[in-house]
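The values are calculated or read from the model by the stated rules, or taken from the named source; none is laboratory data. Keep in mind it's a predicted model, so treat the numbers as computed, not measured. Cβ placement follows ideal geometry from the backbone for every residue including glycine, while neighbour counts extend to all protein chains displayed.
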Amino acid sequence: MEPARHCKAQITSEPAGRDGRRLSYILVSRMTPTPPRLTLLDRLIEGLDRGLRTVAAANVAARPNPAGATAESVSEPQARRRAAGLMRVNHAGEIAAQALYHGQALTARNPEVRRALLDAARDETDHLAWCEQRVRELGDRTSLLAPLWYAGSFAIGALAGLAGDRTSLGFVAETERQVIEHLESHMHELPADDERSRRIVEQMQSDEARHGSEARAAGGHELPRPVRELMRRTARVMTVTAFRV
Ligand SMILES: [Fe+2]
Ligand SMILES: [Fe+2]
């Protein structure tokens with residue numbers, strides 16, 4: 001069946017001839033597709049749906065896993081537990097990243113900014129799927145507190161969006177900067193022979209750097225120092241907790 005199309009009728013007038021003796025105009029009606037206008041309630045329901053899919057459904061990556069055919073090399077039980085703990089933290093971070101983007105998209109004013117936030121969130125779905133796969137390969141589970149990470153981050157994202165698009169984009173840039181630093185620390189903390197996790201973390205770092213520079217290029221403001229510090233402390237609570245729970 002043909003999907004319903006939301007159209008805007010445009011009535012324009014164009015001259016029919018150039019001789020000037022007879023002024024004749026034709027009315028041209030054009031049907032131009034326009035996106036449906038969503039109410040705040042529609043967006044909230046959309047956000048709830050995205051949240052449930054992020055936390056409860058299996059996330060499927062659109063891109064191949066960067067670990068590819070790299071052989072599994074972590075065999076010692078303690079090293080496997082450590083690697084799994086770190087990748088569980090990264091998985092929780094990706095849940096939070098998705099929730100921040102979804103919350104920011106909910107309250108974004110400019111449709112272009114909203115679209116860019118949702119595009120970036122799709123990259124985070126890949127990260128989420130790769131981290132989850134790696135945690136399972138290591139014989140462990142993802143964080144039991146995933147719904148809490150999602151709900152808290154969604155609320156923070158929605159507040160950032162309410163502060164205005166430039167502040168919201170600045171929030172993206174700062175979040176990604178801190179995530180890159182955090183991932184860099186994991187490159188040192190992962191067991192020396194854990195090449196599969198490292199390949200995933202490297203690709204994530206590269207994607208987060210792109211998200212950050214796109215947000216800055218789109219006009220993101222630098223956030224005040226106390227806000228940056230608060231973000232760092234909040235993230236620290238999550239990383240320490242998700243390593244264990
Ligand atoms: Fe990510
Ligand atoms: Fe990102």
Residue under question is E176, and the condition is that it be within 16 Å of ligand 2 (Cβ to nearest atom), buried (at least 17 other Cβ atoms within 10 Å of the Cβ) and in contact (Cβ under 8 Å) with a residue 24 or more places away in the chain; does it hold? yes
I want to confirm something. Restricting to segment 208-227 and keeping residues that are crowded, with 19+ Cβ neighbours inside 10 Å and within 16 Å of ligand 1 (Cβ to nearest atom), which single residue is farthest from R88 (Cα to Cα)? A215
Pairs only if they're at least six apart or on different chains, beta carbon under 8 angstrom, first in segment 115-132 and of a type in the set (D, E, K, R), second more than 11 Å from ligand 1 (Cβ to nearest atom); list them, first residue then second. R122/A62; D126/A61; D126/A62; D126/R63; E132/N59; E132/T142
Among the helices (runs of 4 or more DSSP H) contained in segment 134-245, which hold 1 or more residues that are more than 21 Å from the chain's Cα centre (by Cα) and basic (K, R)? 195-217, 225-244
Quick check on N65: is it within 17 Å of D207 (Cα to Cα) and away from ligand 2 (no atom under 16 Å from the Cβ)? yes
Out of the residues in segment 101-124 meeting the condition of being crowded, with 20+ Cβ neighbours inside 10 Å, within 11 Å of ligand 1 (Cβ to nearest atom) and modelled with pLDDT under 90, tell me which one is farthest from G157 (Cα to Cα). D123
Which one of the conditions (1) surrounded by 10 or more Cβ atoms within 10 Å (Cβ to Cβ); (2) at pLDDT below 90 does R5 fail to meet, given that it meets all the rest? (1)
